[in-house]
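*Asks:* This is the structure I have questions about; it appears just below.
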Amino acid sequence: DLGSEEANVSSEMRKLRVMIHNFCRLEDGTLLKTVDLRRYGLDAGQVITNAIVQELCGVHNKIENLQLAGCSQISDVGLWAIARHLVKLIVLNLTGCSQVTTVGIRSLSLRCSDLIELDLSYCYLLDDVSMTVLAGGSWKLQKLSLRGCAKISDNGLSRISQGLGG
């Protein structure tokens, strides 16, 4: 049917425009070093999943600032993809990524040592063990946000503070 084919082409063109707008510098077409996947998901009408994170990281490994705030479908699988591909990542916002656990934090700690800013607010599964893992990484962290992480006690905060040099 010609009408449905035109609708599919129109839909694909819209997705392409949204992708270009969110991932490329409009002046010269180069890939942006700051990517807001939440914004892309809203613009594209698409839920951000681990598969989308894996795909993005695989084709664009020069991202320095990745915003995943509110992307509640992201889990340790997505963090593994980030750690595997984005070794020059400086800022990572995981606010509200409530499926993230110590396992995902471990993969970040092994490969993303250039991180300066990490927001883990409302990652409800993180606990004192997660802070021990964070403390054991070779980080350059200057800002760590943990709002709403009720399982992290003063003991966990002490560990992270000692591990990051106070």
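The values are calculated or read from the model by the stated rules, or taken from the named source; none is laboratory data. What you see is a predicted model, and the numbers here were worked out from it, not measured in a lab. Please note: Cβ atoms are built from the backbone with ideal geometry, for glycine as well, and neighbour counts cover all protein chains shown. Protein only, heavy atoms only, side chains kept; ligands, DNA and RNA dropped before computing areas. Shrake-Rupley method; radii C 1.70, N 1.55, O 1.52, S 1.80 Å.
*Asks:* What's the angle, to the nearest 10 degrees (0 to 90), between helix 154-163's Cα axis and the longest principal axis of the chain?
*Replies:* 80 degrees
*Asks:* May I pose another question? Add +1 for every Lys or Arg and -1 for every Asp or Glu among the other residues with Cβ under 15 Å from the Cβ of I152, and state the total.
*Replies:* On the way: positive: R147, K151, R159; negative: D119, D127, D128, D154.
Within the 15 Å Cβ shell, the charges total -1.
*Asks:* Additional query: If the limit is 30 Å between Cα atoms, which of K33/K151; K33/K143; K33/K140; K62/K143; K15/K62 go over it? Mind dumping the intermediate values first?
*Replies:* Values: K33/K151 33 Å; K33/K143 19 Å; K33/K140 19 Å; K62/K143 21 Å; K15/K62 22 Å.
Distance filter (> 30 Å) returns K33/K151.
*Asks:* Related question: Defining a contact as two alpha carbons under 8 Å apart and six or more residues distant in sequence, what relative contact order in percent does the chain show?
*Replies:* Values: 328 pairs, mean separation 25.1, N = 166.
Relative contact order of the chain: 15 percent.
*Asks:* Alpha carbon centre of segment 21-48 versus segment 122-146: separation in Å?
*Replies:* Taking the Cα centre of segment 122-146 as reference, the centre of segment 21-48 is 27 Å away.
*Asks:* So in the chain, what percent of DSSP beta bridges are antiparallel if you round to the nearest 5? Walk me through the numbers on the way to the answer.
*Replies:* Details: 1 of 14 bridges.
Of the beta bridges lying entirely in the chain, close to 5 percent run antiparallel.
*Asks:* Per DSSP H run of at least 4 residues, take -39500 (n - 2.57); add these up for the chain, divide by its residues and hand me the 222 nm value, nearest 500 deg cm²/dmol.
*Replies:* Numbers: 7 runs with 79 residues, N = 166.
About -14500 deg cm²/dmol.
*Asks:* Another question, then. Once both axes come from the Cα atoms, what is the angle between helix 76-85 and the longest principal axis of the chain, in degrees from 0 to 90, rounded to 10?
*Replies:* Compared with the principal axis, the helix lies near 80 degrees.
*Asks:* Next question. Going by alpha carbons, how many degrees (0 to 90, nearest 10) lie between the helix axis of 2-23 and the longest principal axis of the chain?
*Replies:* 40 degrees
*Asks:* So what is the accessible area of the chain per residue, in Å², with the probe set to 1.4 Å? Each step should come with its number before you reach the end.
*Replies:* Numbers: 8950 Å² over 166 residues.
Computed with neighbouring chains in place, this is 54 Å² per residue.
*Asks:* What do you get for trypsin sites (Lys or Arg not before Pro) in segment 77-166 restricted to DSSP loop and a cutoff of at most 15 other Cβ within 10 Å of the site's Cβ?
*Replies:* Working: sites: R84, K88, R106, R111, K140, K143, R147, K151, R159; in loops: K88, K140, R147, K151.
Listed in order of number, the matching sites are K88, K140, R147, K151.
*Asks:* While we're looking at this one, here's another question. Amide H neighbours of L32 under 5 Å, counting only residues 5+ apart in sequence or on other chains, H built in-plane at 1.01 Å?
*Replies:* C24, R25
*Asks:* Also: Compute the signed sum of charges (Lys and Arg +1, Asp and Glu -1) over the other residues within less than 12 Å, Cβ to Cβ, of L134. Walk me through the numbers before you get to the answer.
*Replies:* Values: positive: R106, R159; negative: D127, D128.
Charge balance near L134 sits at 0.
*Asks:* Using only alpha carbon pairs under 8 Å that are at least six residues apart, calculate the relative contact order of segment 77-125 and give it in whole percent.
*Replies:* Values: 73 pairs, mean separation 25.5, N = 49.
Relative contact order of segment 77-125: 52 percent.
*Asks:* Give me the one-decimal nm value for the distance between modelled label points at S153 and N61, 7 Å along each residue's Cα-to-Cβ direction.
*Replies:* Rounded to a tenth, the inter-label distance reads 4.2 nm.
*Asks:* So, with a 1.4 angstrom probe, what is the percent of accessible area on the chain that is carbon and sulfur?
*Replies:* Details: 4700 of 8950 Å².
Answer for the chain: carbon and sulfur cover 53 percent of the accessible area.
*Asks:* Okay, moving on. For segment 114-166, what's the relative contact order in percent, using C-alpha pairs closer than 8 Å and at least 6 residues apart?
*Replies:* Working: 83 pairs, mean separation 25.7, N = 53.
Relative contact order for segment 114-166 comes out at 48 percent.
*Asks:* Which value, in debye to the nearest 20, gives the size of the charge dipole of the chain about its Cα centre, when Lys and Arg are +1 and Asp and Glu are -1 at the Cβ?
*Replies:* My answer is approximately 520 debye.
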